[in-house]
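**Student:** Please see the structure below; I have some questions.
The values are calculated or read from the model by the stated rules, or taken from the named source; none is laboratory data. Keep in mind that what you see is a predicted model, and the values were worked out from it rather than measured. Here the Cβ positions follow ideal geometry from the backbone for every residue, glycine too, while neighbour counts run over all protein chains shown. Quick note on the areas: whole protein, heavy atoms, side chains included, nothing else; ligands and nucleic acids left out. Shrake-Rupley method; radii C 1.70, N 1.55, O 1.52, S 1.80 Å.
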Amino acid sequence: MKVLALIDADSLVYQSLRDSLEESLSVLDHKINNIVEKTKCTHYALFVSTGGNYFRKKVADSVYKKNRDKYQIRQWTKTLKAILEDRYHANNCVGVEADDLVLYWYNKPLFFNGNSIVDSVEPSSNVEEVTKILCSIDKDLLKTVPGKHFNYTFKTNPENNETIMGQWIETTEEEAEEFLLKQLVTGDSTDNIIGLPGKGEVFWNKWKKAQSDKISIGNILDLYCKEIYSKSKAIKTFYNNFTMLYMLRTPEDFEANGLELPSFPFIHAVPNNQMLIDVEF
């Protein structure tokens, strides 16, 4: 069985930052090795955001992720991303973010043809479909995408002080759909998305209960129109929030936002299905 780890490497970089470049690189390599080991993947691909001119910022009048700016310029950030592109051939795409690319390839059927992973095969070909694992710490991926994913964050076990090197996260289709709908109402402070002004967790729980748990995009839009006096403003606010919160996942999503389709990513084969320490690229 072929297993492809699709790695959102933006947070991987930020988690690896240390006082010196050498130490940062060591942590980064260690974290990549850990992902390969824990997921038991046969192949992996890394994705980074490098452009900065993301289409969501245009929709949000440049307030999208504004409160993250201080983290974007930390020492070694750009250097580590450049090294990821040079050493690991990390993939990026103009106008979108790493998590968009991860989700796009996660949703796209991929096949192993006996030599490499490809996205198209002849109908009569003797191929196997590739199993994909989404690797990230971002709730926008882990909680809005159904499946079993790997959160590569290291945590300390308070009981024995040992380091827990990542954990598996399982999200059902129902949980994934509700998470997006909830964010449309309550917003996302991490990305500076307000949602429906003045409506938070308490409001969401009461409103959801009043709907007998039957919630949808349609009645979220109705809620915007009810809570915001101007219908045109309500629809615009809903559209802007949806655009910022919804991860691109299909060719139609890219085309609808005037974006080029991603080129086929660079995918590494894991040598002998082992860890990557001392492997030369």
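**Student:** Residues in the stretch 257-272 that are assigned to a loop (DSSP other than H, G, I, E, B) and either open to solvent by less than 40 Å² (accessible area, probe 1.4 Å) or among the charged types (D, E, K, R) (or both): how many?
**Tutor:** Count: 6.
**Student:** What's the total number of residues in the stretch 204-224 that are part of a helix (DSSP H, G or I) and either within 27 Å of the chain's Cα centre (by Cα) or touching a residue at least 12 places away in the same chain (Cβ under 8 Å) (or both)?
**Tutor:** 11
**Student:** Now for a different question. One residue is enough: does the stretch 153-160 have a residue meeting the conditions of a type outside the set (D, E, K, R) and within 24 Å of S49 (Cα to Cα)?
**Tutor:** yes
**Student:** Looking only at the stretch 4-33, filter to residues that are open to solvent by less than 10 Å² (accessible area, probe 1.4 Å) and β-branched (V, I, T); which one of those is farthest from Y44 (Cα to Cα)?
**Tutor:** Taking the candidates together, the pick is V13.
**Student:** What number of residues within the stretch 215-256 are open to solvent by 80 Å² or more (accessible area, probe 1.4 Å) and not hydroxyl-bearing (S, T, Y)?
**Tutor:** 9
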